[in-house]
Ligand SMILES: *Cc1c(COP(=O)(O)O)cnc(C)c1O
């Protein structure tokens, strides 16, 4: 049987190979283990194998897992859509939010971040390939949103995130990821000190690393296929 530790090792090897091919330093690419639908025990196994950063999509599920794993020093990233009535739970429990696509949500998170915690790390979610139904801000609106979010006292703007549609091959994945990279560069050139480009998942992390990803979000390749809900 392939264990979670084995699969984590395989993902680290993929990241190392992709960064070597891109002429990048492997230390510049963080691995976020996406543990949505996984049991707390699976997270424990990943942690025992050295993994400390985990991503959750569903706020309620994430909050329960965070509570069940309080004894471990883990970093928790919210990578799913956030409704207004869930911002308090997110502000109180998570360390990062990748899915800021409206100022209102960022304002609530800032206002509700407990004073004893460090500012909440946030990324602007950009929609580079989808229709209006998809979450994420249009590339043309990302800089304006980033400027406003950067003013908020209790969040810290760290970067840009995107969830492109699955691509059929490396070149098309690369070209979509490069659009996200373009938005990231635009915001940096405007003077906001971003350090995080959150792109790449199990199927396309090589293309994302070639495009400049600094954080890949990997679920299936670590924890196995999820049961469809
Ligand atoms: C589920 C999910 C991932 C991980 O996807 P895999 O294909 O399982 O690696 C990454 N990012 C987000 C936002 C997700 O919802």
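Laid out as a table, the results:
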{"item": "Meets criteria (farther than 15 Å from residue 33 by Cβ, within 14 Å of the ligand (Cβ to nearest atom), part of a loop (DSSP other than H, G, I, E, B) and more than 18 Å from the chain's Cα centre (by Cα)) for residue 203", "result": "no"}
{"item": "Any chance residue 164 is surrounded by 15 or more Cβ atoms within 10 Å (Cβ to Cβ), touching a helix residue (DSSP H, G or I) at 6+ places or on another chain (Cβ under 8 Å) and assigned to a loop (DSSP other than H, G, I, E, B)", "result": "yes"}
{"item": "Pairs with Cβ under 9 Å, 6+ apart, first in region 210-225 and closer than 14 Å to residue 196 by Cβ, second within 6 Å of the ligand (Cβ to nearest atom) and assigned to a strand (DSSP E or B)", "result": "217/34"}
{"item": "Matching residues in region 206-222 - criterion: being away from the ligand (no atom under 16 Å from the Cβ) and either part of a loop (DSSP other than H, G, I, E, B) or surrounded by fewer than 19 Cβ atoms within 10 Å (Cβ to Cβ) (or both)", "result": "212"}
{"item": "Region 167-188 - residue that is surrounded by fewer than 16 Cβ atoms within 10 Å (Cβ to Cβ) and assigned to a loop (DSSP other than H, G, I, E, B) and, of those, modelled with the highest pLDDT", "result": "169"}
{"item": "Matching option when the condition is in a helix (DSSP H, G or I) and within 14 Å of the ligand (Cβ to nearest atom), among 8, 31", "result": "8"}
{"item": "Tally, over region 128-144, of residues that are out of contact with any helix residue (DSSP H, G or I) (no Cβ under 8 Å at 6 or more places or on another chain) and in a loop (DSSP other than H, G, I, E, B)", "result": "8"}
{"item": "Of the criteria (1) touching a residue at least 24 places away in the same chain (Cβ under 8 Å); (2) surrounded by 14 or more Cβ atoms within 10 Å (Cβ to Cβ), which one residue 105 fails", "result": "(1)"}
{"item": "Count of residues meeting criterion [within 13 Å of the ligand (Cβ to nearest atom) and either out of contact with any helix residue (DSSP H, G or I) (no Cβ under 8 Å at 6 or more places or on another chain) or more than 13 Å from residue 74 (Cβ to Cβ) (or both)] in region 43-58", "result": "4"}
{"item": "Hits in region 171-200 (condition: over 22 Å from residue 75 (Cα atoms), within 16 Å of the ligand (Cβ to nearest atom) and either in contact with a strand residue (DSSP E or B) (Cβ under 8 Å, 6 or more places away or on another chain) or without any contact (Cβ under 8 Å) to a residue 40 or more places away in the chain (or both))", "result": "173, 177, 180"}
{"item": "Within region 138-160, tally of residues that are in contact (Cβ under 8 Å) with a residue 40 or more places away in the chain and under 19 Å from residue 113 (Cβ atoms)", "result": "11"}
{"item": "Members of region 59-75 that are under 26 Å from residue 212 (Cα atoms) and either surrounded by 20 or more Cβ atoms within 10 Å (Cβ to Cβ) or more than 16 Å from the ligand (Cβ to nearest atom) (or both)", "result": "74"}
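The values are calculated or read from the model by the stated rules, or taken from the named source; none is laboratory data. Remember, predicted model here, so these are calculated numbers, not experimental data. Methodologically, a virtual Cβ is constructed for each residue, glycine included, from the backbone with ideal geometry; neighbour enumeration extends over all protein chains shown.
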